[in-house]
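Written below as structure tokens is the structure these notes are about.
The values are calculated or read from the model by the stated rules, or taken from the named source; none is laboratory data. Since the model is a prediction, treat every value here as computed from it, not as a measurement. Using ideal geometry, Cβ is built from the backbone for each residue, glycine included, and neighbour counts are taken over all protein chains shown.
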There are 2 protein chains.
Amino acid sequence: MSQDGVDLETSLGYLLKEASSALRAAMEDVLRPLGMSVTRYSCLELLAQRPGLSNSELARGAFVTRQSMNVLLQTLEEEGLVTRPARAPVGKVLPTRLTPRGRRSLQGATAAVRSVEARMLAGMGEPEQAAAFRALRSMVDALRDGG
Amino acid sequence: MSQDGVDLETSLGYLLKEASSALRAAMEDVLRPLGMSVTRYSCLELLAQRPGLSNSELARGAFVTRQSMNVLLQTLEEEGLVTRPARAPVGKVLPTRLTPRGRRSLQGATAAVRSVEARMLAGMGEPEQAAAFRALRSMVDALRDGG
DNA sequence: GACGGTATGTCAGGATGCTGACATGAGTCA
DNA sequence: TGACTCATGTCAGCATCCTGACATACCGTC
């Protein structure tokens, strides 16, 4: 760098992006050897924690559009990692569930991601983590209603 | 949502992604009317604060690849918002600078983004902001060396 | 001075995600 | 019941960004 930060380095927004970017990169690094992407992992993890989630709910949870999640679900279905009923039990919503194979595929990935998160939190005490959690939640809420 | 969070809602990593996503969405909302994207704004803002940055440095600062930044710079150059020397003064590095027109184009965008950041920080006191800053920086550093 | 390592700018090809649009089903209200 | 609103699943087309690769220029050690 030619010159040290004047303003960007003091901006919480920029730092937020920096942290999120670093986290994503670290996750990609550990997931790649397992043949898994971040979006793929997010989808499976969501389904493990909340079985029966719909396509749209998964999309919101993984921060992608319905359309993107839809093609991902089709792939996962072909690979036998998830199942969706052929016809909607109610409305148009197709509740998705993990197959045993999907659960197995998720195991290693979950462990890898946990280790990344642990590394990220190393050097932070419990109260600092709690403070960070409160701060981030406050930011999310403040940005949401102002939308 | 079908069910309240079991684990994801308590994960700092997930919350970090959520906050970053909300911030980006809010920025896009205020920048779109100005005919500007987040990456475009980031590039111009970087150049305003650190004139003479190279393509690669801009890419790192805006969290995209050199290749992506390169095509953006070509566009900005065609539109007369930035200038790059035809030949590198030293090495291969082409120092980029904002034109007066680029500076003008940036003005409104900067104000808009500042307002978003202000909204994001509303409801947080000074010590909380400082705590959040320290926590995020700690996370970035911890993720970087482990890479 | 020569050499290996590193960083840069740039080109082509491909993967991923998004915007726009449509039909369908559920809930609301007159 | 019928009209209106909203959310969903899905299709097609497009934009964006990335991966891979190459030639070139600096910088260190020898």
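For this structure, a couple of remarks:
- The residue that is nearest to residue A:13 (Cα to Cα), among those in segment A:117-137 that are over 18 Å from the mean Cα position of the chain (by Cα), in a helix (DSSP H, G or I) and at the interface with chain B (Cβ under 7 Å from one of its Cβ atoms), is A:135.
- Among the residues of segment A:62-72, the one identified as among the small types (Gly, Ala, Ser) and within 11 Å of DNA strand D (Cβ to nearest atom) is A:68.
- Among the residues listed as A:72, A:58, the single one being within 21 Å of residue B:22 (Cβ to Cβ), under 17 Å from the mean Cα position of the chain (by Cα) and more than 8 Å from chain B (Cβ to nearest Cβ): A:58
- From the list A:144, A:137, the lone residue that is at pLDDT 95 or above and surrounded by 12 or more Cβ atoms within 10 Å (Cβ to Cβ) is A:137.
- Condition check for residue B:140: at the interface with another protein chain (Cβ under 9 Å from one of its Cβ atoms), β-branched (Val, Ile, Thr) and touching a residue at least 12 places away in the same chain (Cβ under 8 Å): no
- Test: residue A:68 is hydroxyl-bearing (Ser, Thr, Tyr), assigned to a helix (DSSP H, G or I) and surrounded by 15 or more Cβ atoms within 10 Å (Cβ to Cβ): no
- Of all the residues in segment A:76-99, those that are surrounded by 12 or more Cβ atoms within 10 Å (Cβ to Cβ) and either of a type in the set (D, E, K, R) or closer than 17 Å to residue A:36 by Cα (or both) number 10.
- Each residue in segment A:73-85 was checked for being within 17 Å of residue A:42 (Cα to Cα) and within 11 Å of DNA strand D (Cβ to nearest atom), and 3 of them qualify.
- Residue within segment A:86-95 that is of a type in the set (Gly, Ala, Ser), at positive phi and near DNA strand D (Cβ under 10 Å from one of its atoms) present: yes
- Matching residues, segment B:43-54, being among the polar types (S, T, N, Q) and surrounded by fewer than 19 Cβ atoms within 10 Å (Cβ to Cβ): B:49
- Long-range neighbours under 9 Å by Cβ, at least six apart or interchain, first residue away from DNA strand C (no atom under 16 Å from the Cβ) within segment A:91-115, second among the aromatic types (Phe, Trp, Tyr): A:106/A:41; A:110/A:41; A:112/A:41
- Those residues of segment B:84-116 which are among the β-branched types (Val, Ile, Thr), over 19 Å from the mean Cα position of the chain (by Cα) and modelled with pLDDT of 95 or more, in sequence order: B:99
- The number of residues in segment A:45-73 being more than 17 Å from residue A:104 (Cα to Cα) and either away from DNA strand C (no atom under 14 Å from the Cβ) or in contact with a Pro (Cβ under 8 Å, 6 or more places away or on another chain) (or both) comes to 4.
- Restricting attention to segment B:1-51, the residues that are within 16 Å of DNA strand D (Cβ to nearest atom), in contact (Cβ under 8 Å) with a residue 12 or more places away in the chain and not in a helix (DSSP H, G or I) add up to 1.
- Residues that are under 13 Å from residue B:73 (Cα atoms) and either within 12 Å of another protein chain (Cβ to nearest Cβ) or in contact with a strand residue (DSSP E or B) (Cβ under 9 Å, 6 or more places away or on another chain) (or both) within segment B:29-44 comprise B:39, B:41, B:42, B:43, B:44, listed in sequence order.
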